[in-house]
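A.B. asks: Attaching a single structure in structure tokens format; questions to follow.
What follows is calculated from the coordinates using simple rules that are stated; it is not laboratory data. Note that this is a predicted model, so its numbers are computed, not measured. Note: ideal-geometry Cβ built from the backbone for every residue, glycine included; neighbour counts use all protein chains shown.
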Amino acid sequence: MTRTHLILAAAGGSAALLLGALAFQYLGGLHPCVLCIWQRWPHLAAVVLGAVALALPGRVWPALGAVAALTTAGIGGFHAGVELGWWQGLDTCTGPGLAGISTQALLDPTANVPAPVRCDAVAWSLLGISMAGWNMLLSLGLAGLWLAAVGKPRIV
């Protein structure tokens with residue numbers, strides 16, 4: 001594979017994972033927790049770095065893409081560990097599902113208020129692996145693509 005193909009695959013993979021997370025949220029109704037949101041930012045950075053790496057020469061851009069992929073993989077691994085009870089998560093780990101809701105509505109048992117999103121609860125899984133776990137595994141693969149691109153020359 002050429003440098004361009006590797007970068008397109010790596011940045012495209014991050015874009016797909018980011019779009020998938022947004023689809024789960026907005027189409028599937030699975031609101032993200034704080035750690036879920038944190039996992040999205042490095043994917044966005046990887047997409048931007050992919051565009052830069054395609055436009056500019058240099059090994060630094062794909063190397064930074066690898067750092068972004070490894071960052072989201074690390075957060076995903078931490079999150080999966082929290083979900084599995086291997087270690088404690090953040091002290092304040094609720095998602096934006098309660099943003100903008102008044103205290104009165106929260107205390108009203110008849111109000112239609114969404115439950116807080118917990119980092120230690122698995123909202124969705126496939127083959128026994130949560131979204132955080134899948135993010136970690138797939139992002140490690142994307143990091144490998146980025147690292148392979150580091151060693152490839154830019155062909156104009």
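A.B. asks: The stretch 6-80: Rg/Rh from Cα coordinates, Kirkwood Rh?
C.D. replies: Using only Cα positions, Rg/Rh for the stretch 6-80 is 1.02.
A.B. asks: So, counting K/R as plus one and D/E as minus one, what does the shell of residues with Cβ under 11 Å around G76 add up to? Can you show the working numbers first?
C.D. replies: On the way: positive: R40; negative: E83.
So the environment of G76 carries a net charge of 0.
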